[in-house]
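The values are calculated or read from the model by the stated rules, or taken from the named source; none is laboratory data. Just so it is clear, the model here is predicted, and its values are computed rather than measured. Cβ placement follows ideal geometry from the backbone for every residue including glycine, while neighbour counts extend to all protein chains displayed.
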Amino acid sequence: MEFELSEEERIFQETASEFLKKELRPIARKIDEEKRIPKDFIKKFASQGYLGLLNSPKYSGAGANMKMATILAEEIGKNDISLATAVFYLLNTAWSYILEKYGKEEVVQEVIPRLVKGEAFVGICSTEPSGGSDVASISTLAKKNGNNYYIEGEKIYISEVREILENDGGLLTLAKTKPELRHKGISMFFLPLKKLDNIEVSYLENMGRMGISTSIIRFKGSSVDEKYLIGEENKGFYYAMEGFVTARILVAASCIGAAEAVLERGIEYTKNRKAFGIPLAKYEGIQFPMVDLYSRIEAVKLLIYKAAWLYDEMRKGKASYKEVTKYSAMSKLLAPKLAIETIEEVMTWLGGYGYTKEAEIEMALRGVISYYVGAEGAANIMRIIIGREILGKEFVPYKE
C-alpha cells in the first residue's frame, strides 16, 4: 500500500480543496439555516465531475477510483462541517455505483448521465419504522403482476426525497418478494419517485444535517415496471450490503474531514486567545488533549484510506470483499465517535464562543452525531460486522 498520493490524486485533492473552500465553505451556514443545498452550487459541483465520480465514462461518469472518492468526501466534510453536503455526495456516489453495476442498461442510461449533470439524484430506501439495522426483518412487499411489481409498505428516515421530487431520480428500495426466505427473499428496485403512483411522503425534522431532507414514504400498491428490478429477484439484500460497504468509507472520510476542520479552528483559536497573559495553547491541559486528538485523527485517516485502497484492490480482483467489509466497518465505527470527541473538546477550548452559532462548531456536532447513532449502520452493528469477520459466522448473535 502506497502512503503517498499519486500525482493525479494530489492534483485532484488540491483542485477539490480550492473549489470547496471557494464555493462551499462560505455557504455552509446558509445551507444549515435555509435547509437546502443551493441548486447553483449543485450545478457547479457537477460541472467539476464530482457527481458520478465512481460511474463509468460510458455514462458520462468520471471513472475514478475509491481513493479519489474518499479524498473528495474528506474535503467536503472539511468545508461543510454540518455534513449535509457530504450526505448528498455519498448517497449519489455509492448508490449510483450500485445502480450502474446491477441495474438494467435501459435504466442506467435513463438515470446516470442526468445524475452526472446534477439533474437527477439517487439514494437508498431501506429503513422501516420497526427498525433499520435488521434489514432481513423488513415488511415492505413487492408482488409481481404481469410486467409490473406492486410495492406495499412504509419506509422511514429516508434521505434526499425532497431533492429527488424537486428534480428527478429515484431510490434504490428494498422489498420482500419471498417473505418466507427472510434476507434471501429481498429484492431491490429503483423507484423513480416522480413517476410513481400511490405514494405518500411526509418530512421529518432532524437536529442536524439540515440541508438535506429526511422523509417517511408510504407505498400504497405503487406500481413499477419490471425493468426497474435491480439485478436478480431475491438478491437485493446482497446488493444493499455492497452499497453500505461503499457508503461507510465515504461516511468515515466525511466525519474525519469535519473533525480535522474543527480541530484546526481550535488550534488557531488557542494560539491567539490568551488567559492570564499566556496563549491557551501553552497550557498543557489544552496542549495534551490537542496532541492526542491530532494523533488519533491521523491514525483513523490511515485506516479509512486503507479501506479505500482495499476497495480499489477488490475491484481489480486483488482483495476480498470480506476484507473490504471489515475495514469499511472499522472506519465507520471509529470516525464518527472520534469526530464527536474532537468537537466536544474544541468547544471547551472556545468556552462561551464555542457555544455560539457564530463559531459553527455546534453545526458539526449536530451533523456528525447522526452517523454515530445509526445512519449507514449504528456503532454496535459495525462491531457485529467486524466480529463476524474476525471470529466467523458461527459467532454472529442472530440467525442469517
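Checking the stretch 257-277 against the condition returns a match, with at least one residue being modelled with pLDDT of 95 or more, surrounded by 13 or more Cβ atoms within 10 Å (Cβ to Cβ) and touching an Asp or Glu at 6+ places or on another chain (Cβ under 6 Å). If you check PHE244 against the conditions, is it under 13 Å from the mean Cα position of the chain (by Cα) and of a type in the set (Phe, Trp, Tyr)? Taking the combined requirement at face value, the residue satisfies it.
For every residue, the table says whether it meets (1) touching an Asp or Glu at 6+ places or on another chain (Cβ under 6 Å); (2) surrounded by fewer than 17 Cβ atoms within 10 Å (Cβ to Cβ); (3) assigned to a helix (DSSP H, G or I).
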| site | (1), (2), (3) |
| --- | --- |
| ARG10 | no, yes, yes |
| THR15 | no, yes, yes |
| LEU20 | yes, no, yes |
| ILE42 | no, no, yes |
| ASN92 | no, no, yes |
| VAL108 | yes, no, yes |
| VAL111 | no, no, yes |
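Being surrounded by fewer than 24 Cβ atoms within 10 Å (Cβ to Cβ) and either out of contact with any Lys or Arg (no Cβ under 6 Å at 6 or more places or on another chain) or assigned to a helix (DSSP H, G or I) (or both) is the filter here; which residues of the stretch 94-106 pass it? Within the stretch 94-106, GLU100, LYS101, TYR102, GLU105, GLU106 meet the criteria. Would you check if there is a residue in the stretch 203-217 being closer than 17 Å to SER139 by Cα and not hydroxyl-bearing (Ser, Thr, Tyr)? Within the stretch 203-217, one or more residues are closer than 17 Å to SER139 by Cα and not hydroxyl-bearing (Ser, Thr, Tyr). Within the stretch 194-229, the residues that satisfy the criterion of being buried (at least 20 other Cβ atoms within 10 Å of the Cβ) and more than 15 Å from GLU128 (Cα to Cα) are ARG209, MET210, GLY211, ILE212, SER213, SER222, VAL224, TYR228, LEU229. Within the stretch 127-150, the set of residues being part of a loop (DSSP other than H, G, I, E, B), modelled with pLDDT of 95 or more and touching a helix residue (DSSP H, G or I) at 6+ places or on another chain (Cβ under 7 Å) comprises ASN147 only. If the condition is being within 13 Å of the chain's Cα centre (by Cα) and part of a helix (DSSP H, G or I), then the stretch 47-88 contributes ALA69, THR70, LEU72, ALA73, GLU74, ILE76, GLY77, ALA84, THR85, ALA86, VAL87, PHE88.
Taking the stated definitions as given, is LYS271 assigned to a helix (DSSP H, G or I), without any contact (Cβ under 8 Å) to a residue 60 or more places away in the chain and assigned by TED's automatic domain parsing to the domain that holds TYR355? Here the answer is yes, as LYS271 does meet what is asked.
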